[in-house]
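Below is one structure, written out as structure tokens, with a few remarks after it.
The values are calculated or read from the model by the stated rules, or taken from the named source; none is laboratory data. These numbers were taken from a predicted model, which means no experiment stands behind them. Cβ: placed from backbone, ideal geometry, glycine included. Neighbour counts: every protein chain shown.
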Amino acid sequence: MNNQLEHTITDIDFIKKLIPQKDPFVMIDKLLYFDTEKVISGLKVTSDNILSTDGYFTEGGLIENMAQSIALHRGYRGYVNRGKDKKPKTGFIGSIKHATIHALPKSGTELITTVKIIAEIMQVSLVEINVNDLEGNLIASSEMKTIIVDP
């Protein structure tokens, strides 16, 4: 597949319209790539992030970044398919497998989160996720199953 974005989306207000999470719990700030089978999001880690402690992004922050990247894929797909005024659907993590945190990123680190859709059946998605820094170092990885609960 090819990137279906005309350009990288960095408008945080637009990003917030694509996901169900609200401030101060938004853990993505860029949409870098989108196609039907993959999404790449970005996040600049800041020291004032609610899931940062002592200058580092926490394990919980990394897991939430992964989950919100999945939500971003569904949200942008819904925006393209259903229209601009539809609110994003709410979902939850059904399971997490093989989650590995290799490092806690320092404040100022740019995270690049790649989500590959392995399978989608009705409202359930199975995905593989890698979180890297700009140098390509693997920060975290996981396999998640998410479930959409909105009709």
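Taken over region 62-84, the criterion of being basic (Lys, Arg) and free of Cβ contacts under 8 Å to residues at least 12 places away in the same chain is satisfied by Arg82, Lys84. Please tell me if Glu110 is in contact with a His (Cβ under 9 Å, 6 or more places away or on another chain), over 18 Å from Leu18 (Cβ atoms) and acidic (Asp, Glu). For Glu110, the condition - in contact with a His (Cβ under 9 Å, 6 or more places away or on another chain), over 18 Å from Leu18 (Cβ atoms) and acidic (Asp, Glu) - is not met.
Scanning region 69-108 for residues that are of a type in the set (S, T, N, Q) and either in a loop (DSSP other than H, G, I, E, B) or under 13 Å from Leu31 (Cβ atoms) (or both) turns up Ser69, Thr90, Ser107. Considering Ala119, Ala99, the condition of being in contact with a helix residue (DSSP H, G or I) (Cβ under 9 Å, 6 or more places away or on another chain), free of Cβ contacts under 8 Å to residues at least 60 places away in the same chain and either of a type outside the set (S, T, N, Q) or surrounded by 14 or more Cβ atoms within 10 Å (Cβ to Cβ) (or both) is satisfied by Ala99 alone.
Filtering region 128-151 to residues that are farther than 29 Å from Asp48 by Cα and surrounded by 12 or more Cβ atoms within 10 Å (Cβ to Cβ) leaves Lys145, Ile147, Ile148.
With respect to (1) without any contact (Cβ under 8 Å) to a residue 40 or more places away in the chain; (2) surrounded by 14 or more Cβ atoms within 10 Å (Cβ to Cβ), the lone exception for Phe14 is condition (2).
Scanning region 109-122 for residues that are at pLDDT 95 or above and in a strand (DSSP E or B) yields Glu110, Leu111, Ile112, Thr113, Thr114, Val115, Lys116, Ile117, Ile118, Ala119. The set of residues in region 17-61 being touching a residue at least 12 places away in the same chain (Cβ under 8 Å), touching a Leu at 6+ places or on another chain (Cβ under 8 Å), surrounded by fewer than 18 Cβ atoms within 10 Å (Cβ to Cβ) and in a helix (DSSP H, G or I) consists of Glu59 alone.
Considered as a group, the residues in region 105-116 that are over 13 Å from Asn65 (Cα atoms) and over 14 Å from the mean Cα position of the chain (by Cα) include one that is surrounded by the fewest Cβ atoms within 10 Å (Cβ to Cβ), and that residue is Gly108.
Within region 1-33, the set of residues being under 15 Å from the mean Cα position of the chain (by Cα) and among the polar types (S, T, N, Q) comprises Thr8, Thr10, Gln21.
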